[in-house]
Amino acid sequence: MQIVLHEPDEEPLPLSSGFLVPGNTTLEVEISKSLKHGLPPPYKAFGGSTCVDTGGGSFKNPLTRFNRYTKEACETECFMSFVVEVCGGCRHFLHPGNESICEMEHLTDCYEIAQRQYYGGADKKKCPCPLPCVQAHYKSSVTTSSFRQTQHFIELKQKHNVKVDQNLAYIHIFFADPVVTTMRQVAIYSAEGLLGSIGGQIGLFMGFSLVTVAEMLELIFLLATRGRKLDEHVKRHRETEAAVQAAIQANA
């Protein structure tokens, strides 16, 4: 038996995660949960790549075989679709989908070919599967011992009159700590913070500030207005000189 730890609304994928439980054993499974919150695009998250904001209002699940988007579900659906393509339009009986189920004789050959071509060639690169911005990770620590029939178990067998002596497993799953560790990615600079930092650097190295801007605008205004008044004064002076010259010539 294989046990997969996952979120309640997440599809369990035993081929990509989980641990095996052998028969006639007692398992103590200590688990811990952690969450990762990455920044949505245009920020880079998780090693320099963009993530998918599955919690955003504009997000639409691109998957057709799984109800919730995860990186593992995306990669699994990509392989399932490749199997359908190689097998001529039919699917594996364990794969979800609307295609017809392949006959066993045909599936034995085409499924092996699909696995070899998909995982051994470059076809896997055709399906980009970025990580979601919010990820839940479960870490488990398993302790195994031989199965021993307790008095309570013996009483249950006697009460229900059943005989079970082989392939028994007792599994005790518990949280090591009820606290969930959350790692949240925070932007070092926002647009407002970046503008503030640029203004501060300019003010530090050039003495440039809002007061300087106001003084420069005032200087430009004064130069423009005083220059216009000076032009008018020169014009009136020239007109006066011209009138005086004309009067002198008339008297002569």
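The values are calculated or read from the model by the stated rules, or taken from the named source; none is laboratory data. Here the structure is a predicted model, which is why all the values come from computation and not from measurement. Positions of Cβ are generated from backbone atoms using ideal geometry, with glycine treated the same way; all protein chains shown enter the neighbour counts. These area figures cover heavy atoms from the full protein model, side chains too; ligands, DNA and RNA do not enter into them. Shrake-Rupley method; radii C 1.70, N 1.55, O 1.52, S 1.80 Å.
Going through Ile101, Ile113 one at a time, which residue ends up being more than 29 Å from Ser141 (Cβ to Cβ), open to solvent by 80 Å² or more (accessible area, probe 1.4 Å) and in contact with a Cys (Cβ under 9 Å, 6 or more places away or on another chain)?
Testing whether each residue is more than 29 Å from Ser141 (Cβ to Cβ), open to solvent by 80 Å² or more (accessible area, probe 1.4 Å) and in contact with a Cys (Cβ under 9 Å, 6 or more places away or on another chain) leaves just Ile101.
What tally of residues in region 38-52 results from selecting those that are over 17 Å from Met183 (Cβ atoms) and out of contact with any Lys or Arg (no Cβ under 7 Å at 6 or more places or on another chain)?
Counting residues in region 38-52 that are over 17 Å from Met183 (Cβ atoms) and out of contact with any Lys or Arg (no Cβ under 7 Å at 6 or more places or on another chain) gives 3.
With the condition kept exactly as written, say whether any residue in region 101-111 is over 25 Å from the mean Cα position of the chain (by Cα) and in a strand (DSSP E or B).
Checked against the condition, which is being over 25 Å from the mean Cα position of the chain (by Cα) and in a strand (DSSP E or B), region 101-111 yields at least one hit.
I need the full set of residues from region 67-80 which are out of contact with any strand residue (DSSP E or B) (no Cβ under 8 Å at 6 or more places or on another chain), more than 9 Å from Leu13 (Cβ to Cβ) and of a type outside the set (Asp, Glu), in order please.
Residues satisfying the conditions are Asn67, Arg68, Cys74, Cys78, Phe79.
Given the criterion closer than 21 Å to Tyr69 by Cα and open to solvent by less than 60 Å² (accessible area, probe 1.4 Å), identify the matching residue among Gly47, Gly18, Gly23.
That would be Gly18, the only listed residue that is closer than 21 Å to Tyr69 by Cα and open to solvent by less than 60 Å² (accessible area, probe 1.4 Å).
Would you check which residues across region 112-137 are part of a helix (DSSP H, G or I) and within 30 Å of Gly38 (Cβ to Cβ) and list them?
Tyr118, Tyr119, Asp123, Lys124, Lys125, Lys126
Just name the residue that is nearest to the chain's Cα centre (by Cα) out of those in region 154-171 that are touching a residue at least 12 places away in the same chain (Cβ under 8 Å) and open to solvent by less than 70 Å² (accessible area, probe 1.4 Å).
Filtering first and then ranking leaves Ile171.
I want to confirm something. Restricting to region 24-54 and keeping residues that are part of a loop (DSSP other than H, G, I, E, B) and among the hydroxyl-bearing types (Ser, Thr, Tyr), which single residue is farthest from the chain's Cα centre (by Cα)?
In this case the residue turns out to be Tyr43.
Could you tell me which residue of region 55-66 is farthest from the chain's Cα centre (by Cα), considering only residues that are open to solvent by 50 Å² or more (accessible area, probe 1.4 Å) and not aromatic (Phe, Trp, Tyr)?
Thr64
Filter region 1-23 down to the residues that are outside any strand (DSSP E or B) and over 24 Å from the mean Cα position of the chain (by Cα) and list them by number.
Across region 1-23, the qualifying residues are Met1, Val21, Pro22, Gly23.
Which residues, counting only those in region 128-144, are open to solvent by less than 30 Å² (accessible area, probe 1.4 Å) and under 17 Å from Asp9 (Cβ atoms)?
Result: Pro132, Cys133, Gln135.
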